[in-house]
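Contents: one structure, followed by commentary.
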Amino acid sequence: MGNSNMPGSYYQKSYVSTVKYDRDGRPHRESYQSQTIKQTDKDGRRIQESQQAYQNTKTGIEKASHERLLDDKGHKVVRQRNRNLAEQYEHNYFKGMNEGDLPQFENEYNNYRQKVNFSQNYKAIGNKKVN
């Protein structure tokens, strides 16, 4: 296995979609998208950003997540909406910190992101956001 502290960049993007038909011949689509970029500098500092999106037209469920990691700390927001029931949720997950640490983490993340020119390599998944 490789050393996760070796300098370099990693980029992964995937998309899977299936269409199934119900008894009445109506199509229902289920799709999943994922995109991750991560970078490690020569000192072993790691930065990562990931987005995921899921949609199921039969159940009406749409999910989207956005995660940022810097070394051993991170924040992930997951938004879910059910179009059939008009329900909407948002959950926050924290790694190596708590909610009160979020403003400081975002500041550190954004400063480091600019320093290593991380954003030039990162593109949003598109308009697959859950509002």
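The values are calculated or read from the model by the stated rules, or taken from the named source; none is laboratory data. All values derive from a computational prediction rather than experimental measurement. Cβ atoms come from the backbone with ideal geometry, glycine included; neighbour counts cover every protein chain shown. Accessible surface is based on the protein model in full, side chains and every heavy atom, while ligands, DNA and RNA are left aside. Shrake-Rupley method; radii C 1.70, N 1.55, O 1.52, S 1.80 Å.
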Skip the ligands, DNA and RNA, and give the accessible area per residue of the chain with a 1.4 Å probe, whole Å². 69
Can you compute the modelled spin-label distance between Asn107 and Lys58, with each label point 7 Å from Cα toward Cβ, in nm? 4.9
At R0 = 22 Å the Cβ-Cβ FRET efficiency linking Tyr10 and His91, nearest 0.05, sits at 0.25
Long-range lysine pairs (8 or more apart or interchain), the chain, Cα under 16 Å: 15
